[in-house]
Amino acid sequence: MISIDFHDSIAALPASEWDALRPDDNPFLSHAFLYALEATGCIRDDYGWRAHHIAVHENGKLVAAAPLYIKGNSHGEFVFDWSWADAWERAGGDYYPKLLNAVPYSPVTGARLLVGEGAEASQRRRALTAAMRAQADRYNLSSAHANFLIEADLPAFDEHWLPRSDIQFHWPNRGYTDFGDFLAALNHKKRKNIRNERAQVMRSGLRLDMRGGDTLDVEQWRQIHRLYLSTFDNKGNHAALTEDFFIALGRSLGDRVQVSMARHGASIVAMAMFVRSSDTLYGRYWGASVDVPGLHFELCYYQGIAYAIDQGLQRFEPGAQGEHKLARGFLPVRTHSRHYLADNGFRDAVRRALEREALHMDAYAQDLLEHSPYAERS
């Protein structure tokens, strides 16, 4: 007996069964992370997010699942389809709501089709993507999307789904013994610039440290959240993550959350928050109440690199976009998404646009690789 159901809260699915389906310990796919988003008011209709998670049961056992949301806008996705929405609505259609298979507010590559291990894994992945497409058709939605996919998930998306790729900048750990060893691998100009940036911060007199989430008290989390809010306020954007979410994340993930902070006396005046797995560090949120040259790079990048080296992590993914990361040791990598557009004519038009976009993306990726920050011997 096989059943496919949709749930308006991840709380309806047992945490142990959900987590057992993950192929690795990517924290963004954990039940704890997704539950914290829902339980603390970050997932809500007026923000354009409604949980609609897929669960596949076989003889009463959860054998496959996927984080799925009904979206009323395209905020918090980091795979931009605003132009598609505009074109479809100018043609008289309703682009929203749509379906999205992703982790909210997190441009982090990871499994999106959770199927565990075994001979039936591929078949279960295809069942999940078929269920998404059928659900979009059932409710007469314009589209369904799956963002930041791992390679293992890609074959499950058939010809009805349009392929798209983008570029992020990730730091590779090449067996460095310490930060100085990493600097030695860079070319002279990049190495000098990083040393100058770090020296500026050291001259500021601010005290820097990296703390695990389980060592921070509620008042410290409140300070950190206020700094996060300041980033969005300064740019005139809406901050979706609540203070309660930050506190819950520290409690549920413990030292898998790391915060690089700068202090002036007892006050936290700048911070960068990270989340880690057993082999990867993920940079997430930044905020500051002081303007110190080089501080953003120190907290968001250099402290993260030093931590990754110290912990023996293989990668550091600092977030979406940003060519400036290339000069600081991060290299371009491809990210992948898949898109089902229900209307055949609209799908064909977008397909042609994506084919042109792919040519530009290939050329851009090649150009970036020709400007590697590393010395030739590396």
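The values are calculated or read from the model by the stated rules, or taken from the named source; none is laboratory data. Everything quoted here is computed from the prediction, not taken from an experiment. Positions of Cβ are generated from backbone atoms using ideal geometry, with glycine treated the same way; all protein chains shown enter the neighbour counts.
Evaluate the following for A66: is it under 24 Å from E38 (Cβ atoms), modelled with pLDDT of 95 or more and in contact with a Ser or Thr (Cβ under 8 Å, 6 or more places away or on another chain)? Outline the logic, then answer.
Numbers: under 24 Å from E38 (Cβ atoms): yes; modelled with pLDDT of 95 or more: yes; in contact with a Ser or Thr (Cβ under 8 Å, 6 or more places away or on another chain): no.
When the stated conditions are applied, A66 does not pass them.
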Checklist outcome for this item: Considering the stretch 287-316, residues that are in contact with a Leu (Cβ under 8 Å, 6 or more places away or on another chain) and buried (at least 23 other Cβ atoms within 10 Å of the Cβ), and then whichever is farthest from L206 (Cα to Cα), we arrive at F316
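Can you tell me how many residues within the stretch 323-378 are within 30 Å of A87 (Cα to Cα), surrounded by fewer than 18 Cβ atoms within 10 Å (Cβ to Cβ) and not aromatic (F, W, Y)? Even if it seems obvious, please write down each step before you answer.
Going through the stretch 323-378, the residues within 30 Å of A87 (Cα to Cα) turn out to be 323, 333-365.
Now narrow it down to the ones that are surrounded by fewer than 18 Cβ atoms within 10 Å (Cβ to Cβ): 323, 333-334, 342-345, 347-349, 351-365.
Then keep just the ones that are not aromatic (F, W, Y); that gives 323, 333-334, 342-345, 347-349, 351-363, 365.
So the count comes out to 24.
May I ask you to list the residues in the stretch 158-175 that are of a type in the set (D, E, K, R) and either surrounded by 15 or more Cβ atoms within 10 Å (Cβ to Cβ) or in contact with a Pro (Cβ under 8 Å, 6 or more places away or on another chain) (or both)?
Of everything in the stretch 158-175, those that are of a type in the set (D, E, K, R) and either surrounded by 15 or more Cβ atoms within 10 Å (Cβ to Cβ) or in contact with a Pro (Cβ under 8 Å, 6 or more places away or on another chain) (or both) turn out to be R164, D166.
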Next on the checklist: Pairs please, first residue from the stretch 71-92 and within 15 Å of G48 (Cβ to Cβ), second anywhere and assigned to a helix (DSSP H, G or I), Cβ atoms under 8 Å, 6+ apart in sequence or on different chains.
Outcome noted: G72/D45; S74/W82; S74/A85; H75/Y47; G76/Y47
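Does the stretch 233-255 hold any residues that are assigned to a helix (DSSP H, G or I), farther than 18 Å from D217 by Cβ and either among the basic types (K, R) or touching a residue at least 60 places away in the same chain (Cβ under 8 Å) (or both), and which are they? I'd like the intermediate steps shown before the answer.
The first filter runs over the stretch 233-255 and keeps only residues assigned to a helix (DSSP H, G or I), leaving 233-235, 243-255.
Those still in the list that are farther than 18 Å from D217 by Cβ too: 233-235.
The one that is assigned to a helix (DSSP H, G or I), farther than 18 Å from D217 by Cβ and either among the basic types (K, R) or touching a residue at least 60 places away in the same chain (Cβ under 8 Å) (or both): K235.
Checking the condition assigned by TED's automatic domain parsing to the domain that holds N73, hydrophobic (A, V, I, L, M, F, W, C) and free of Cβ contacts under 8 Å to residues at least 60 places away in the same chain, which residue from A121, A136, A146 passes? Show your work before the answer.
Numbers: A136 fails: free of Cβ contacts under 8 Å to residues at least 60 places away in the same chain; A146 fails: free of Cβ contacts under 8 Å to residues at least 60 places away in the same chain.
A121 is the lone residue from the list that is assigned by TED's automatic domain parsing to the domain that holds N73, hydrophobic (A, V, I, L, M, F, W, C) and free of Cβ contacts under 8 Å to residues at least 60 places away in the same chain.
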Next on the checklist: Looking only at the stretch 321-378, how many residues end up being in contact (Cβ under 8 Å) with a residue 12 or more places away in the chain and either aliphatic (A, V, I, L, M) or assigned to a helix (DSSP H, G or I) (or both)?
Outcome noted: 23
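Among the residues of the stretch 153-187, which ones are assigned to a strand (DSSP E or B) and of a type outside the set (A, V, I, L, M, F, W, C)? Write out each step before concluding.
Quick first cut of the stretch 153-187, residues assigned to a strand (DSSP E or B) only: 161-172, 186.
The answer is P163, R164, S165, D166, Q168, H170, P172.
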Checklist outcome for this item: By residue number, the members of the stretch 180-205 that are of a type in the set (A, V, I, L, M, F, W, C) and either surrounded by fewer than 18 Cβ atoms within 10 Å (Cβ to Cβ) or more than 27 Å from L249 (Cβ to Cβ) (or both) are F182, L183, A184, A185, L186, I194, A199, M202
Next on the checklist: Just to be sure before I move on: is F33 on the phi > 0 side of the Ramachandran plot, under 23 Å from the mean Cα position of the chain (by Cα) and not charged (D, E, K, R) in the structure I sent?
Outcome noted: no
Item to check | Filter result (in contact with a helix residue (DSSP H, G or I) (Cβ under 6 Å, 6 or more places away or on another chain), at negative phi and surrounded by fewer than 16 Cβ atoms within 10 Å (Cβ to Cβ)) within the stretch 240-271 | outcome: D255
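Test D214 against the criterion of being surrounded by fewer than 16 Cβ atoms within 10 Å (Cβ to Cβ), under 30 Å from A248 (Cβ atoms), in contact with a strand residue (DSSP E or B) (Cβ under 7 Å, 6 or more places away or on another chain) and in contact (Cβ under 8 Å) with a residue 12 or more places away in the chain, and give yes or no.
The answer is no for D214.
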Checklist entry - Filter the stretch 123-155 for residues that are surrounded by fewer than 21 Cβ atoms within 10 Å (Cβ to Cβ) and of a type in the set (D, E); which is farthest from the chain's Cα centre (by Cα)? => result D137
